[in-house]
1. On average, how much accessible surface per residue is there in the chain, in Å², for a 1.4 Å probe, leaving out ligands, DNA and RNA?
2. Give the Rg/Rh ratio for the chain, taking Rg as the radius of gyration of the Cα atoms and Rh as the Kirkwood radius, to two decimals.
3. Could you look at the chain and say what percent of its accessible area is carbon and sulfur, using a 1.4 Å probe and all protein chains?
Amino acid sequence: MTFFFGEFIKIATTIALMGVVVWLYRDVNWLAFLLSFIAVLKSYIILLFKPRP
């Protein structure tokens, strides 16, 4: 149950921060904003292909 509560907090915080971006930054480049958000979410895949020493 703790895991689901933590995931809910993470998703709620993400949505709240995106709302703040919409509210404060009216001239944001939405394509760049959303693509960078997706890149950050999927960055763990890049780490899987990183060569190990």
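1. Heavy-atom accessible area per residue stands at 99 Å².
2. Ratio value, two decimals: 1.12.
3. Details: 4020 of 5240 Å².
Answer for the chain: carbon and sulfur cover 77 percent of the accessible area.
The values are calculated or read from the model by the stated rules, or taken from the named source; none is laboratory data. Because the structure is a prediction, the values reported are computed rather than measured. Side chains are part of the model used for accessible areas, which takes the heavy atoms of the whole protein and leaves out ligands, DNA and RNA. Shrake-Rupley method; radii C 1.70, N 1.55, O 1.52, S 1.80 Å.
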